[in-house]
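Below is one structure; the comments refer to it alone.
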Amino acid sequence: MANLVIDIGNTYTKFAVFEQDELIYTERYQHPDINIINGLLDDHAVNKVIISSVKKEPEEWETVLKEKVRVIYFNAEMATGIINHYLTPKTLGADRLAGVIGANYLYPQKNNLIIDGGTCITYDYVDAGANYYGGSISPGLNMRYKALNYYTGGLPLLQEDAGFNSESGNDTPGAIRSGVQNGIKYELTGFIESYKHHKNELNIILTGGDSIFFDTLLKNSIFAPYIKIEPHLVLKGLNAAIQTHND
């Protein structure tokens, strides 16, 4: 039997099917519908479903899904395998908590810094004793580009350029890319350096839609040997949670 894992984010909804720990299917959609759900249930022997959502109102297809299979909603009480010291656990983003659970599940008894590059960039740390105290949230890559265009009268809307590697720009697009991409690079290295100052042995786990781009930014840094890319970390964390959940 299989687990269906659904992560409803700000931009995309990600679907994954697991057989125990093995990820056998994954896809993401901006606007999923019941036809997608029916297709997944037809193709896989789904036993139970876990849903993590950043949205307050349920999607229409969720109601139909609950009529067909057992659905569990991920919450702070399902912090499988970690000791959650967050002062307001009910306000902690489900994706952040799932990422921490996933990191600790995949790399137990290790110091793990999870950097999730999505709509926002989040930094979360779980130590070798599975203690989680919190982290940081900053604007994501595309959000920074959009903000420069939206809040100014003359700056163009640009997208990331993986080939840009200058310290400064000699024209307006170059200056924007220098500010955004170098700014993120310096932010990444600053956070990593801060955590490594306290824990020399540190896994740096990159996840989220911009994880490959962030890896490019860090490829020539002293931290490159410590980097692990886990594009499906949140989904794996949710799967770990549902495997140990009893209801």
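The values are calculated or read from the model by the stated rules, or taken from the named source; none is laboratory data. Since we're looking at a predicted model, the values are computed, not measured. Neighbour counts are summed over all protein chains in view; Cβ atoms, including those assigned to glycine, are modelled from backbone coordinates with ideal geometry. Ligands, DNA and RNA are excluded from the accessible area calculation, which covers all protein heavy atoms including side chains. Shrake-Rupley method; radii C 1.70, N 1.55, O 1.52, S 1.80 Å.
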Legend entry - Every residue from the stretch 61-119 that is closer than 21 Å to Lys48 by Cβ and acidic (Asp, Glu): Glu62, Glu67, Glu77, Asp95
Legend entry - Top-ranked residue in the stretch 222-234 [being surrounded by 16 or more Cβ atoms within 10 Å (Cβ to Cβ) and in contact with a Ser or Thr (Cβ under 8 Å, 6 or more places away or on another chain); ranked as modelled with the lowest pLDDT]: Phe223
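Restricting the stretch 185-201 to residues that are assigned to a helix (DSSP H, G or I) and basic (Lys, Arg), which is most open to solvent (accessible area, probe 1.4 Å)? Working first, answer last.
Applying the first criterion (assigned to a helix (DSSP H, G or I)) to the stretch 185-201 yields 185-198.
Within this subset, residues satisfying the condition of being basic (Lys, Arg) are 185, 196.
Numbers: Lys185: 60, Lys196: 29 Å².
Checking each candidate, the answer is Lys185.
Would you pick out the residues in the stretch 13-28 that are polar (S, T, N, Q) and in a strand (DSSP E or B)?
Passing the criteria: Thr13, Thr26.
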Inset, instruction - Could you tell me which numbered condition Asn239 fails, if it satisfies all but one of (1) within 30 Å of Ile51 (Cα to Cα); (2) among the polar types (S, T, N, Q); (3) outside any helix (DSSP H, G or I)? - result: (3)
Legend entry - Number of the exception - Thr244 against (1) open to solvent by 60 Å² or more (accessible area, probe 1.4 Å); (2) without any contact (Cβ under 8 Å) to a residue 40 or more places away in the chain: (2)
Inset, instruction - For residues that are exposed (fewer than 15 other Cβ atoms within 10 Å of the Cβ) and of a type in the set (A, V, I, L, M, F, W, C), tally how many sit in the stretch 145-163. - result: 3
Inset, instruction - State the number of residues belonging to the stretch 166-184 that are touching a Leu at 6+ places or on another chain (Cβ under 9 Å) and either open to solvent by 60 Å² or more (accessible area, probe 1.4 Å) or β-branched (Val, Ile, Thr) (or both). - result: 4
Legend entry - Condition met for Leu97 (out of contact with any Cys (no Cβ under 7 Å at 6 or more places or on another chain) and surrounded by fewer than 16 Cβ atoms within 10 Å (Cβ to Cβ)): no
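Sort through Tyr150, Tyr186, Tyr105 and tell me the only one that's more than 21 Å from Gly208 (Cβ to Cβ), of a type in the set (Phe, Trp, Tyr) and modelled with pLDDT of 95 or more.
Just a single option satisfies the conditions, and that option is Tyr150.
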Inset, instruction - Say whether the condition of being exposed (fewer than 15 other Cβ atoms within 10 Å of the Cβ) and in contact (Cβ under 8 Å) with a residue 60 or more places away in the chain is met by at least one residue in the stretch 203-219. - result: no
Inset, instruction - Filter the stretch 171-194 for residues that are of a type in the set (S, T, N, Q) and under 18 Å from Leu148 (Cα atoms) and give the result. - result: Thr172, Ser178, Gln181, Asn182
Legend entry - the stretch 49-70 - residue that is assigned to a helix (DSSP H, G or I) and not hydrophobic (A, V, I, L, M, F, W, C) and, of those, most open to solvent (accessible area, probe 1.4 Å): Glu60
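A quick yes/no check of all residues on (1) closer than 30 Å to Ile176 by Cα; (2) acidic (Asp, Glu):
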position: Glu60; (1), (2): no, yes
position: Asn75; (1), (2): no, no
position: Ala79; (1), (2): no, no
position: Lys90; (1), (2): no, no
position: Asp95; (1), (2): yes, yes
position: Ala128; (1), (2): no, no
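Residues Asn142, Asn112, Asn131: which one is open to solvent by 60 Å² or more (accessible area, probe 1.4 Å), modelled with pLDDT of 95 or more and not charged (D, E, K, R)? I'd like the intermediate steps shown before the answer.
On the way: Asn112 fails: open to solvent by 60 Å² or more (accessible area, probe 1.4 Å); Asn131 fails: open to solvent by 60 Å² or more (accessible area, probe 1.4 Å).
Exactly one of Asn142, Asn112, Asn131 is open to solvent by 60 Å² or more (accessible area, probe 1.4 Å), modelled with pLDDT of 95 or more and not charged (D, E, K, R), namely Asn142.
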Legend entry - Extreme residue, surrounded by the most Cβ atoms within 10 Å (Cβ to Cβ), among residues of the stretch 1-48 that are more than 21 Å from Thr207 (Cα to Cα) and small (Gly, Ala, Ser): Ala2
